[in-house]
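Step one of this worksheet: look at the structure below.
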Amino acid sequence: MISDNYVPEKINEYNAYLDGEKMIGVVPDIDLAEIGMKASEVEGAGMLGVLDSPTIGQFESIEQEIKFNVLYSSAINMLSPLEAVNLTFRAAQQVYDKTGGYAFKGLRIVQQGRVKKFKPGKLKRAEGMEATVTLELTYYLIEVDGEIMLEIDKLNPKYIVCGKDMLAGISALV
């Protein structure tokens with residue numbers, strides 16, 4: 001658990017891994033996949049209008065785009081539709097300790113999915129290609145200092161937030 005004495009500041013450094021092997025040719029930043037719950041409108045007597053109601057444990061498509069400076073083996077290795085893509089991002093989060101000095105907290109993001117789109121990019125002298133691979137994620141884990149903050153497994157119904165099973169009430173009934 002992150003202490004109240006820490007002021008989170010920034011990502012000091014990070015690396016990306018494909019099947020446990022460090023990826024080469026990934027650009028300096030990655031926009032992590034956005035997570036959206038499926039929702040439906042609810043309205044009725046006594047309500048002041050329409051309300052979008054999320055359906056617990058049901059998610060929209062989760063897409064992760066990985067950008068590459070050039071077409072290198074790690075980009076091409078993701079393209080087989082016959083195998084799942086296993087990505088891990090590891091980062092050192094720099095935090096200021098209010099009692100004095102700095103500390104570092106580990107961040108680990110694990111994603112699994114399959115290739116959905118491939119954009120080879122462009123060819124221009126003295127510039128990167130801006131190639132991208134887009135994955136459809138079936139698994140998404142966010143862990144801070146060894147503690148699971150979020151875990152979504154679409155194929156093995158699992159939805160954990162800060163160590164709490166969000167599907168426990170549903171599982172007990174079905």
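The values are calculated or read from the model by the stated rules, or taken from the named source; none is laboratory data. Given the structure is predicted, the values throughout are model-derived calculations rather than measurements. Using ideal geometry, Cβ is built from the backbone for each residue, glycine included, and neighbour counts are taken over all protein chains shown.
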Residues of segment 9-30 that turn out to be exposed (fewer than 12 other Cβ atoms within 10 Å of the Cβ) and either aromatic (Phe, Trp, Tyr) or assigned to a loop (DSSP other than H, G, I, E, B) (or both), as a count: 3
Selected residue (only one of ILE56, ILE109, ILE62, ILE66 is touching a residue at least 12 places away in the same chain (Cβ under 8 Å) and either surrounded by fewer than 17 Cβ atoms within 10 Å (Cβ to Cβ) or among the polar types (S, T, N, Q) (or both)): ILE56
Here are the criteria: (1) in contact (Cβ under 8 Å) with a residue 40 or more places away in the chain; (2) touching a Leu at 6+ places or on another chain (Cβ under 6 Å). Tell me which single one GLU21 does not satisfy. (2)
THR138: over 12 Å from the mean Cα position of the chain (by Cα), closer than 16 Å to LEU32 by Cα and buried (at least 16 other Cβ atoms within 10 Å of the Cβ), yes or no? no
Inside segment 54-77, the number of residues satisfying the requirement of being at pLDDT 90 or above and not in a strand (DSSP E or B) is 3
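Matching residues to (1) within 21 Å of PHE59 (Cβ to Cβ); (2) exposed (fewer than 12 other Cβ atoms within 10 Å of the Cβ); (3) touching a His at 6+ places or on another chain (Cβ under 7 Å):
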residue	(1), (2), (3)
GLU83	no, no, no
ALA92	no, no, no
ALA131	no, no, no
LEU150	yes, no, no
LEU173	yes, yes, no
Please state which one of GLY49, GLY44, GLY36 is surrounded by fewer than 12 Cβ atoms within 10 Å (Cβ to Cβ), in contact with an Asp or Glu (Cβ under 6 Å, 6 or more places away or on another chain) and small (Gly, Ala, Ser). GLY36
